[in-house]
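For reference, the structure discussed in these notes is given below.
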Amino acid sequence: MTNQKPLLKALRGESATAPPVWIMRQAGRYLPEYRAIRSRAGDFLSLCYTPELAAEASLQPVRRFGFDATILFSDILLVAQALGSDLEFSDGRGPCLSRISTPSDVDGLRSADSVPSCLQPIYETLRILLRDQPANATLIGFAGSPWTVATYMISGGNMRGQEPAVKFLDHQRTAFHRLIDRLVDATIIHLSEQIKSGAEVVKLFDTWAGRLNGADFDDFVVQPNNRIIDAVKSEFPEVPIILFPRHAGRRYADFAAANVVDCLAIDQTVDPDWAAKRLQPTTCVQGNLDPSLLVSGGQPLVDATLQLVNSLSGGPHVFNLGHGITPDARIENVELMVTTVRSS
Ligand code: CP3
């Protein structure tokens, strides 16, 4: 039964003896079956836009490790593409986008209404996944948060980091607000379409939240995420939302106090004992094993896994990493982590 799925129970605030487990970037290059399907698709974007293959990539880790979640195989940058940015992924260099560098570049973007037609294949992937995922797994849809997606649209990729976006924000604040507003609208539409297509939970990735602080953090991290969360909640009150404001530090507590999300995903710089005290009383906590332990493995992996489960055992917890699994992670270490969580 849907309401007995372990992940949904945790997101509703129930604690369990062994927490549900999945990992960020669980479909990826550390898996030989992913590398095979990726080469069949030709390139990363073709894989994202071919529903049968994207569904297969999403299901590979769920079948192999018995994870409690199936996360849609897609990327946060497809929304930028739907708004008119040229997007390519080249091996070894990551994403490459046409750059937003002037206010008129912002005004030249397409309207948020173009999202559903451009991203139809993504919604088809979700329909396949809802039908084909294992009965105890929960289907997660996702989007990038406006600030994080804007950093890529302004820098043109990930080589220059977040500095071009910070400069744009300082010098062209009004235009930057317009860009964020456009992304808020597009993200609300994208998440709503995903839910209508079968997503049982949605997650917002604000990977670069920690680059901002003070009033900028309020204006471009807190507010846009809250606007999206409010809009999605008012249309789909029963769908849990996970927020990952990576490297937000003590500001994680502001999100917990505001009580707007069902779950906060914490990066590995957050002390789990602090999270248990400050976040868990109002929200479920997801995280936060150091991904490098899945490369090195051994007793340190087992010890850290048990310690993490123990620290967060007093409230709702979803076991996960503090950030995505890396291509050099070892499969036997992922197996060891899952067995350790489940036997805890
Ligand atoms: O398994 C899953 O987690 C679902 C699919 C997923 C991908 N990207 C697939 C992907 C998800 C949820 C994302 C989110 C994403 N994409 C984020 C936020 C989460 C995070 O990790 O911080 C960000 C910042 C991106 C943007 C992005 N996509 C970058 C910077 C890169 C290049 C770096 C890299 O890891 O290669 C990507 C590519 C990407 N997205 C890959 C995958 C599996 C690797 C592509 C390949 O096969 O070569």
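The values are calculated or read from the model by the stated rules, or taken from the named source; none is laboratory data. These numbers were taken from a predicted model, which means no experiment stands behind them. For neighbour counting, all protein chains shown are included, and Cβ atoms are generated from backbone atoms with ideal geometry for every residue, glycine included. These area figures cover heavy atoms from the full protein model, side chains too; ligands, DNA and RNA do not enter into them. Shrake-Rupley method; radii C 1.70, N 1.55, O 1.52, S 1.80 Å.
Using just the helices of the chain, give the 222 nm mean residue ellipticity in deg cm²/dmol: DSSP H runs with n ≥ 4 each add -39,500 (n - 2.57), and the total is spread over all residues, rounded to 500.
Rounded to the nearest 500, the figure is -14000 deg cm²/dmol.
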| request: Measure nothing fancy, just the Cα-based angle from helix 32-41's long axis to the longest principal axis of the chain, in degrees from 0 to 90, nearest 10. | output: 30
| For peptides 42-55, 241-254, sequence by mean Cβ density within 10 Å, most packed first | 241-254, 42-55
| field | Inter-probe distance in nm under a simple model that places probes 7 Å from Cα toward Cβ, at residue 98 and residue 111 | value | 2.0
| task | For the chain, find the longest principal axis of its Cα atoms and tell me its angle to the long axis of helix 331-342, 0 to 90°, nearest 10. | result | 60
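Could you compute the net charge surrounding residue 94? Neighbours are other residues with a C-beta less than 11 Å from the C-beta of residue 94; K and R count +1, D and E count -1.
Numbers: positive: 93; negative: 75, 88, 91.
That works out to -2.
For region 162-290, which whole percent of the accessible surface, found with a 1.4 angstrom probe, sits on carbon and sulfur atoms?
Roughly 48 percent, rounded to a whole number.
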| task | Could you tally the net charge around residue 30, taking each other residue with its Cβ under 13 Å from the Cβ of residue 30, Lys/Arg +1 and Asp/Glu -1? | result | +2
| message | Within 11 Å, Cβ to Cβ, of residue 295, how many net charges do the neighbouring residues add up to if Lys/Arg are +1 and Asp/Glu are -1? | response | -1
| query | Cα axis of helix 146-155 to longest principal axis of the chain: angle in degrees, 0 to 90, nearest 10? | reply | 60
| remark: Of the listed links 5/196; 9/196; 167/277, those spanning more than 26 angstrom between alpha carbons are 167/277
| query | Taking the chain as a Gaussian network, Cα atoms linked when under 10 Å apart, which of 56, 193, 235 shows the biggest mean-square fluctuation? | reply | 235
| remark: By the rule of no other cysteine beta carbon under 4.7 Å, the lone cysteines of the chain are 48, 96, 118
| query | Roughly how many Å² is the accessible area per residue of region 2-342, as a whole number, for a 1.4 Å probe? | reply | 39
| request: Give the cross-link partners of residue 203 among the aspartates and glutamates, using a straight C-alpha distance below 13 Å as the criterion and excluding same-chain residues fewer than 8 apart. | output: 75, 262
